[in-house]
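In what follows, a structure is listed as structure tokens, so that the remarks can point back to it.
The values are calculated or read from the model by the stated rules, or taken from the named source; none is laboratory data. Worth saying up front: this structure is predicted, and the values here are computed from it rather than measured. Cβ placement follows ideal geometry from the backbone for every residue including glycine, while neighbour counts extend to all protein chains displayed. Keep in mind that these areas ignore ligands, DNA and RNA; they rest on the heavy atoms of the full protein, side chains included. Shrake-Rupley method; radii C 1.70, N 1.55, O 1.52, S 1.80 Å.
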Amino acid sequence: MDIINEIAKELVPVKDFPDFKSGDTVTVAYKIIEGSKERVQQFTGVVLQRRGSGVTETFTIRKMSGNVGVERIFPISSPFIESISVNKRGKVRRARIFYFRERTGKAARIKERKFFAK
Amino acid sequence: MPGIIGRKVGMTSIYSAEGKATPCTVIEAGPCVVTQVKTQEKDGYEAIQLGFGDRKEGSTPSPLKGHFKKANTTPKAKLAEFREFNGSLNLGDIVTADVFQAGDFVDVIGTSKGKGFQGVVKRHGFGGVGQSTHGQHNRLRAPGSIGAASYPARVFKGMRMAGQTGNKQVLISNLEILKVLTDKNLVIVKGSIPGAKGSTVLIKK
């Protein structure tokens, strides 16, 4: 397993993203190719889960687009991801918050994690 | 038709220049030692026997010890023959992963993971009976009929039935080599190969 991680790190460029976990609200800027043009699009939503480890790790983001929920799964080492920024830290008790899909409106709120300076 | 003995390390994925993720298997291939050269005159056919992996001196039978001593090498855990090796190799020569290049298509032979005694649904992909209600109570994954009655009055050979599944030799052909890391003796092939991590595989071009 160690060899795998070592090789994978060599073959896939390691990116430095901020730490985020399920319940956080993040913005992912990713490149999309339209014909021959390339542009950056942003996707903001709540992280439902982080899955896998190493270069094959993926994460799922859910946002409400009008009345319809939209989920996107990103591989964390995808070369298309430009940047990830954390907008809000959520306080959740689970690593995978699939119950969040059933919540709408006022119920679909996540308490913010507060950090106090020591 | 060069070949090499290797050990499956595991799977990961790498990204192409266009950003496509490709699942791939990492194989530790070689270094192998030529432990025997078989010739037309002596053995009736041409082949190269390679040895891979280390084996304890104490647990090696004496006849094998002598065999390895001839090639001037330490006892090897796994031996395999390869025919029609490119170029002439001599006893004791070392074969490394650089017999392959990225872009080559190879065949990989391994032993699949054992699944034990399995029924026909898992073993042969039968559909089962199809209904779990309407009167049938314990036939959901049954094979159904295995033949006619008084004629032929027997079950034909090769009838697909339940039995040992997996743990047998499997060949996967035409796997593309994505990368060869010669300094680490690693070969990365596209897709999956048979067997568990750490199992021995043969790679043939």
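State the number of residues belonging to segment A:54-99 that are farther than 18 Å from B:GLY19 by Cα, open to solvent by less than 40 Å² (accessible area, probe 1.4 Å) and of a type outside the set (A, V, I, L, M, F, W, C).
Summing the residues that are farther than 18 Å from B:GLY19 by Cα, open to solvent by less than 40 Å² (accessible area, probe 1.4 Å) and of a type outside the set (A, V, I, L, M, F, W, C) in segment A:54-99 gives 4.
Of the conditions (1) open to solvent by 20 Å² or more (accessible area, probe 1.4 Å); (2) under 20 Å from the mean Cα position of the chain (by Cα); (3) within 14 Å of another protein chain (Cβ to nearest Cβ), B:GLU18 satisfies every one except a single condition; which number is it?
(2)
Taking segment B:9-49 as the search range and keeping residues that are free of Cβ contacts under 8 Å to residues at least 60 places away in the same chain, part of a strand (DSSP E or B) and polar (S, T, N, Q), which one is farthest from A:LYS9 (Cα to Cα)?
Step by step, filter segment B:9-49, then rank; the result is B:GLN36.
Can you report the number of residues in segment B:75-102 which are on the phi > 0 side of the Ramachandran plot and either under 17 Å from the mean Cα position of the chain (by Cα) or open to solvent by 40 Å² or more (accessible area, probe 1.4 Å) (or both)?
Residues meeting the conditions: 2.
Among the listed residues B:GLY6, B:GLY30, B:GLY51, which satisfies the condition of being under 19 Å from the mean Cα position of the chain (by Cα), within 14 Å of another protein chain (Cβ to nearest Cβ) and crowded, with 16+ Cβ neighbours inside 10 Å?
Matching residue, one of B:GLY6, B:GLY30, B:GLY51: B:GLY6.
Filter segment A:1-53 down to the residues that are assigned to a loop (DSSP other than H, G, I, E, B), open to solvent by 100 Å² or more (accessible area, probe 1.4 Å) and within 12 Å of chain B (Cβ to nearest Cβ) and list them by number.
Residue satisfying the conditions is A:MET1 alone.
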